[in-house]
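Enquirer: Following this message is one structure expressed as structure tokens.
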Amino acid sequence: MLTEINFDGIVGPSHNYAGLSLGNIASASHAGEPSYPRAAALQGMAKMRGNLARLGVQGFLLPLPRPNDSLEQALALDGTEPPQLRAAPWSASSMWTANAATVSPAPDTADGRCHLTPANLVTMLHRAQEWPDTKRQLEVAFGDKRHFTIHDAVPPTFGDEGAANHMRLCESHDAPGVEVFVYGRTGGPFPARQHEQASRLVARAHGLDPARTVFVEQNAQAIAAGAFHNDVVAVANGRVLFTHAEAFADQAGAYEAIRAAFPALEVVEVPSSAVTLQEAIRTYLFNAQLLTLPDGTMALIVPTECRESAAVWGWVQTMLAGNGPIRQVIPVDVKQSMANGGGPACLRLRVVCDPATVDPRFLLDEAKAERIEATIAAHWPEQIDPFDLGTPALAEKVVGARMALLDALDLGQLG
Ligand code: SUG
């Protein structure tokens with residue numbers, strides 16, 4: 001029985017605001033502020049609990065080891081370096097598991113296995129350190145080689161940011177789907193993090209059928225406005241593509257190309273006259289989880305920032321009054337993650353598979369949620385100020401906190 005499982009990243013104990021992501025407006029505008037790792041992780045858990053109740057299944061991935069000793073050494077830190085270099089080995093950015101990997105479910109691939117390629121994230125130093133540890137974790141969670149193939153990351157210099165620039169349309173999870181890869185072109189004020197050749201390489205490595213694979217260019221204006229990943233301006237689920245009208249370089253051409261491969265496509269487009277690109281990026285309306293509920297209707301899990309925006313909430317009310325495919329809009333508070341540019345959709349990696357083939361230690365239930373929350377409450381720092389980064393006292397605290405979590409989940413092998 002194939003089903004879609006959301007694997008949310010548990011927010012790590014070193015969660016902080018160092019302003020490391022050029023082109024990510026939230027990250028830049030909160031740089032230097034104190035962060036609240038305990039609150040951040042509990043917000044993430046509350047989101048997971050909500051979706052567990054809604055869907056009956058929920059997975060998670062663990063924070064990666066921080067501070068990253070080998071990166072600290074490689075950077076030859078001696079106190080004279082810019083603070084951003086000092087902060088990079090401490091980043092908790094692996095919480096945004098939409099950037100952990102690109103996933104092609106078994107019905108889409110030539111060998112009938114689910115393929116995962118960890119994202120190399122080479123554009124940003126603090127993110128480029130993630131993939132070897134991410135791969136190690138994926139190899140445990142999806143270690144059953146009869147059902148999963150885990151690749152190496154795409155070689156540099158082709159930037160790959162994983163599922164954040166990838167969408168799947170399908171009639172049902174166990175039917176072959178159409179995979180849409182969205183890439184950017186360099187030349188604007190901010191980096192285009194997803195390289196076209198990275199997307200094409202992943203599609204080849206996963207053994208996708210070219211007739212069911214579509215490559216679409218991101219709108220350069222969207223990247224310039226702060227849509228550093230396509231999932232900030234579009235999300236797909238089932239037959240539905242929920243998108244801002246200015247998401248793609250050639251909007252009509254993108255719909256046409258997708259429709260040619262997937263005739264049942266239903267587009268829910270938000271016009272710029274209702275929600276500007278800037279407001280969409282500020283509120284993260286599209287960085288939403290578009291879920292199919294057990295009754296077959298769709299719900300959109302949005303950040304609470306959407307409810308606070310007159311333009312966005314006005315559009316939502318109009319949409320709900322119609323008879324489109326999205327029947328509910330549910331706000332969740334992930335403000336600590338949002339302040340670093342990570343909404344509800346950034347925090348999850350979708351894997352379509354049979355839950356029985358996943359290492360059960362990565363699947364959530366009520367008892368485990370309580371155990372994780374108790375560990376967070378006991379061990380996660382309440383607050384981190386930027387000048388704490390690099391101190392031995394904080395290092396001891398965050399290393400100990402992660403170890404306590406691994407112990408609580410019987411995953412000490414990832415230590
Ligand atoms: O890569 N923020 C992340 C946010 C990732 C959001 N993911 C998706 N859209 N799928 C990023 O820019 C900020 C870290 C800092 O500034 O300390 C950061 O890495």
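The values are calculated or read from the model by the stated rules, or taken from the named source; none is laboratory data. Note that the coordinates shown come from a computational prediction; the quantities given were computed from them, not determined experimentally. Reconstructed Cβ throughout: ideal geometry from the backbone, glycine too, with neighbour counts over all protein chains shown. Note: areas computed on protein heavy atoms with side chains; ligands, DNA, RNA excluded. Shrake-Rupley method; radii C 1.70, N 1.55, O 1.52, S 1.80 Å.
Enquirer: Say we look at the stretch 227-238 and pick out the residues that are within 19 Å of Glu196 (Cα to Cα) and either modelled with pLDDT under 95 or assigned to a loop (DSSP other than H, G, I, E, B) (or both); which of these is nearest to the ligand (Cβ to nearest atom)?
Expert: If we take residues in the stretch 227-238 being within 19 Å of Glu196 (Cα to Cα) and either modelled with pLDDT under 95 or assigned to a loop (DSSP other than H, G, I, E, B) (or both), then His229 is nearest to the ligand (Cβ to nearest atom).
Enquirer: Could you please give the count of residues in the stretch 75-125 that are among the aromatic types (Phe, Trp, Tyr) and over 12 Å from the mean Cα position of the chain (by Cα)? Before you say what the answer is, go through the steps one by one.
Expert: Of the stretch 75-125, the ones among the aromatic types (Phe, Trp, Tyr) are 90, 96.
If we keep only those that are over 12 Å from the mean Cα position of the chain (by Cα) too, we end up with 90.
Number of matching residues: 1.
Enquirer: I want to confirm something. Restricting to the stretch 68-108 and keeping residues that are part of a loop (DSSP other than H, G, I, E, B) and within 12 Å of the ligand (Cβ to nearest atom), which single residue is surrounded by the fewest Cβ atoms within 10 Å (Cβ to Cβ)?
Expert: Restricting to residues being part of a loop (DSSP other than H, G, I, E, B) and within 12 Å of the ligand (Cβ to nearest atom), the top hit is Ala92.
Enquirer: Would you please list the contacts, defined by Cβ atoms under 7 Å and residues six or more apart or on different chains, that run from a residue in the stretch 242-258 that is open to solvent by 30 Å² or more (accessible area, probe 1.4 Å) and outside any helix (DSSP H, G or I) to a residue that is of a type in the set (Gly, Ala, Ser) and at pLDDT 95 or above?
Expert: Cβ pairs passing all conditions: Glu246/Ala222; Glu246/Ser272; Ala249/Ala220.
Enquirer: Follow-up question, since we're still on this one. Does the stretch 136-156 include one or more residues that are part of a strand (DSSP E or B), open to solvent by less than 50 Å² (accessible area, probe 1.4 Å) and either within 16 Å of the ligand (Cβ to nearest atom) or closer than 24 Å to Lys47 by Cβ (or both)?
Expert: No, that holds for no residue.
Enquirer: Right, next: Would you point out the residue of the stretch 157-180, among those that are crowded, with 24+ Cβ neighbours inside 10 Å, of a type in the set (Gly, Ala, Ser) and assigned to a loop (DSSP other than H, G, I, E, B), that is nearest to the ligand (Cβ to nearest atom)?
Expert: Applying the filter and picking the extreme gives Gly159.
Enquirer: The conditions are (1) open to solvent by less than 20 Å² (accessible area, probe 1.4 Å); (2) among the β-branched types (Val, Ile, Thr); (3) more than 16 Å from the ligand (Cβ to nearest atom), and Thr318 fails exactly one of them. Which is it?
Expert: Unmet condition: (1).
Enquirer: Out of (1) free of Cβ contacts under 8 Å to residues at least 24 places away in the same chain; (2) farther than 19 Å from Leu61 by Cβ, the odd one out for Met403 is which?
Expert: Just one mismatch for Met403, condition (2).
Enquirer: Quick one: is Ala220 within 16 Å of the ligand (Cβ to nearest atom), at pLDDT 95 or above and either surrounded by fewer than 23 Cβ atoms within 10 Å (Cβ to Cβ) or among the hydrophobic types (A, V, I, L, M, F, W, C) (or both)? Step through it out loud before you land on a result.
Expert: Details: within 16 Å of the ligand (Cβ to nearest atom): no; at pLDDT 95 or above: yes; either surrounded by fewer than 23 Cβ atoms within 10 Å (Cβ to Cβ) or among the hydrophobic types (A, V, I, L, M, F, W, C) (or both): yes.
Here the answer is no, as Ala220 does not meet what is asked.
Enquirer: I need every pair where a residue in the stretch 88-115 that is aromatic (Phe, Trp, Tyr) has its Cβ under 7 Å from the Cβ of a residue that is open to solvent by 10 Å² or more (accessible area, probe 1.4 Å), sequence separation at least 6 or different chains.
Expert: If the second residue must be open to solvent by 10 Å² or more (accessible area, probe 1.4 Å), the pairs left are Trp90/Asn16; Trp90/Arg66; Trp90/Pro67; Trp90/Leu389.
Enquirer: So, one more: Would you confirm, using the coordinates I've provided, whether Arg348 is buried (at least 24 other Cβ atoms within 10 Å of the Cβ) and closer than 30 Å to Met124 by Cβ?
Expert: It is true that Arg348 is buried (at least 24 other Cβ atoms within 10 Å of the Cβ) and closer than 30 Å to Met124 by Cβ.
Enquirer: Tell me which residues, restricted to the stretch 212-226, are assigned to a helix (DSSP H, G or I) and over 8 Å from Ala249 (Cβ atoms).
Expert: Passing the criteria: Arg212, Gln221, Ala222, Ile223, Ala224.
Enquirer: Okay, next question. For the list (1) of a type outside the set (Gly, Ala, Ser); (2) surrounded by fewer than 19 Cβ atoms within 10 Å (Cβ to Cβ); (3) within 16 Å of Phe181 (Cα to Cα), I need the number of the one condition that Glu266 fails.
Expert: If we test Glu266 against (1) of a type outside the set (Gly, Ala, Ser); (2) surrounded by fewer than 19 Cβ atoms within 10 Å (Cβ to Cβ); (3) within 16 Å of Phe181 (Cα to Cα), just (3) comes out false.
Enquirer: Among Ala39, Ala18, Ala26, which is the only one that is near the ligand (Cβ under 10 Å from one of its atoms), open to solvent by less than 50 Å² (accessible area, probe 1.4 Å), among the small types (Gly, Ala, Ser) and closer than 26 Å to His379 by Cα? Talk me through it step by step, then tell me what you get.
Expert: Numbers: Ala39 fails: near the ligand (Cβ under 10 Å from one of its atoms); Ala26 fails: closer than 26 Å to His379 by Cα.
Among Ala39, Ala18, Ala26, only Ala18 is near the ligand (Cβ under 10 Å from one of its atoms), open to solvent by less than 50 Å² (accessible area, probe 1.4 Å), among the small types (Gly, Ala, Ser) and closer than 26 Å to His379 by Cα.
Enquirer: Let me ask another. Going residue by residue through the stretch 53-67, is there one that turns out to be among the charged types (D, E, K, R), touching a Lys or Arg at 6+ places or on another chain (Cβ under 9 Å) and assigned to a loop (DSSP other than H, G, I, E, B)?
Expert: Checking the stretch 53-67: at least one residue is among the charged types (D, E, K, R), touching a Lys or Arg at 6+ places or on another chain (Cβ under 9 Å) and assigned to a loop (DSSP other than H, G, I, E, B).
Enquirer: Return the residues of the stretch 109-135 that are over 20 Å from Gly159 (Cα atoms) and open to solvent by 10 Å² or more (accessible area, probe 1.4 Å); say none if nothing qualifies.
Expert: Correct list: Thr109, Ala110, Asp111, Gly112, Arg113.
Enquirer: Cβ-Cβ distance below 8 Å, separation of 6 or more or different chains: which pairs start in the stretch 314-342 with a residue that is of a type in the set (D, E, K, R) and end on one that is part of a helix (DSSP H, G or I)?
Expert: Arg327/Leu320; Asp333/Gln43; Asp333/Ala46; Asp333/Thr304; Lys335/Gln43; Lys335/Thr304; Lys335/Glu305
Enquirer: Looking at (1) more than 16 Å from the ligand (Cβ to nearest atom); (2) within 25 Å of Ala252 (Cα to Cα), find the lone condition where Tyr183 falls short.
Expert: (1)
Enquirer: Give all pairs with beta carbons closer than 6 Å in which a residue from the stretch 191-204 that is farther than 17 Å from Ile150 by Cα meets a residue that is polar (S, T, N, Q); count only pairs at least 6 apart in sequence or on separate chains.
Expert: If the second residue must be polar (S, T, N, Q), the pairs left are Pro191/Thr123; Ala192/Thr186; Arg193/Thr123; Gln194/Asn165.
Enquirer: Given (1) within 10 Å of the ligand (Cβ to nearest atom); (2) touching a residue at least 60 places away in the same chain (Cβ under 8 Å), identify the lone condition not met by Met45.
Expert: (1)
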